[in-house]
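Novice: Here it is, the structure in full.
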């Protein structure tokens with residue numbers, strides 16, 4: 001089965017990579033979708049996020065990374081994926097993602113699976129990392145080493 005794991009990954013966190021690691025063991029093929037949202041100004045350019053995630057996933061032989069601008073369901077159909085995967089940190093994530101999952105199902109018939117992140121990563125969000133980084137704080141405990149190095153190079 002082919003699963004699509006979409007997100008902004010702005011920046012990719014330890015929680016994101018933990019989810020990718022788990023699903024790479026459960027599915028034949030995993031496509032990480034770096035979603036390009038025209039309503040948001042990205043902290044990191046999509047092409048840079050794609051390269052970062054590819055480097056973080058180089059040991060997973062069944063993981064690809066793709067940048068997509070547009071409706072997720074169109075991407076899922078184009079890639080002939082079987083299911084959408086969304087990682088969850090908490091109850092707030094679940095409430096938002098359930099609404100999106102229902103809309104995607106009604107528009108396309110494609111189901112969404114939810115995977116909770118490990119407890120040790122529940123407090124980590126990309127927005128938290130961005131805020132700490134913008135205030136010149138240390139983020140190495142929240143992101144993979146390669147992401148931390150990338151962020152440090154942008155100071």
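Novice: If you take just the helices (runs of 4 or more DSSP H) that sit entirely in the range 45-155, which of them hold at least 1 residues that are under 17 Å from residue 15 (Cα atoms)?
Specialist: The qualifying helices (runs of 4 or more DSSP H) are 46-56, 91-108, 126-134, 145-153.
Novice: Here's a check for you: in the range 97-130, which residue that is surrounded by fewer than 14 Cβ atoms within 10 Å (Cβ to Cβ) and touching a strand residue (DSSP E or B) at 6+ places or on another chain (Cβ under 9 Å) is farthest from residue 80 (Cα to Cα)?
Specialist: Once the filter is applied, the top-ranked residue is 102.
Novice: Could you check residue 64 against (1) surrounded by fewer than 20 Cβ atoms within 10 Å (Cβ to Cβ); (2) free of Cβ contacts under 8 Å to residues at least 40 places away in the same chain; (3) within 21 Å of residue 116 (Cβ to Cβ) and say which number it fails?
Specialist: Tallying (1) surrounded by fewer than 20 Cβ atoms within 10 Å (Cβ to Cβ); (2) free of Cβ contacts under 8 Å to residues at least 40 places away in the same chain; (3) within 21 Å of residue 116 (Cβ to Cβ), residue 64 fails exactly one: (3).
Novice: While we're on this one: Across the range 131-155, what is the number of residues that are within 22 Å of residue 54 (Cα to Cα) and surrounded by fewer than 17 Cβ atoms within 10 Å (Cβ to Cβ)?
Specialist: Residues in the range 131-155 being within 22 Å of residue 54 (Cα to Cα) and surrounded by fewer than 17 Cβ atoms within 10 Å (Cβ to Cβ): 8 in total.
Residue-wise test of (1) within 16 Å of residue 127 (Cα to Cα); (2) surrounded by fewer than 16 Cβ atoms within 10 Å (Cβ to Cβ).
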{"position": "1", "(1), (2)": "no, yes"}
{"position": "5", "(1), (2)": "no, no"}
{"position": "9", "(1), (2)": "yes, no"}
{"position": "15", "(1), (2)": "yes, no"}
{"position": "18", "(1), (2)": "no, no"}
{"position": "27", "(1), (2)": "no, no"}
{"position": "31", "(1), (2)": "no, no"}
{"position": "43", "(1), (2)": "yes, no"}
{"position": "70", "(1), (2)": "no, yes"}
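Residue-wise test of (1) at pLDDT 95 or above; (2) touching a helix residue (DSSP H, G or I) at 6+ places or on another chain (Cβ under 8 Å); (3) closer than 22 Å to residue 2 by Cβ.
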{"site": "52", "(1), (2), (3)": "yes, yes, no"}
{"site": "56", "(1), (2), (3)": "yes, yes, yes"}
{"site": "65", "(1), (2), (3)": "yes, yes, yes"}
{"site": "92", "(1), (2), (3)": "no, no, no"}
{"site": "119", "(1), (2), (3)": "no, no, no"}
{"site": "136", "(1), (2), (3)": "no, no, no"}
{"site": "139", "(1), (2), (3)": "yes, yes, no"}
{"site": "146", "(1), (2), (3)": "yes, yes, no"}
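Novice: Taking the range 142-153 as the region of interest, how many residues are under 13 Å from residue 129 (Cβ atoms) and either in contact with a strand residue (DSSP E or B) (Cβ under 7 Å, 6 or more places away or on another chain) or in contact (Cβ under 8 Å) with a residue 24 or more places away in the chain (or both)?
Specialist: Residues that pass the stated criteria total 6.
Novice: Find the residue count for the range 9-33, including only residues that are touching a helix residue (DSSP H, G or I) at 6+ places or on another chain (Cβ under 7 Å) and either in a helix (DSSP H, G or I) or over 18 Å from residue 113 (Cα atoms) (or both).
Specialist: 9
Novice: Right, next: Among the residues of the range 34-44, write down those that are touching a residue at least 12 places away in the same chain (Cβ under 8 Å) and either farther than 24 Å from residue 104 by Cα or assigned to a loop (DSSP other than H, G, I, E, B) (or both).
Specialist: Answer for the range 34-44, where residues must be touching a residue at least 12 places away in the same chain (Cβ under 8 Å) and either farther than 24 Å from residue 104 by Cα or assigned to a loop (DSSP other than H, G, I, E, B) (or both): 37, 38, 40, 42, 43, 44.
The values are calculated or read from the model by the stated rules, or taken from the named source; none is laboratory data. Just so you know, these numbers come straight off a predicted model, no measurement behind them. When we count neighbours, we look across all protein chains shown, and the Cβ atoms used for this are built from the backbone with ideal geometry, even at glycine.
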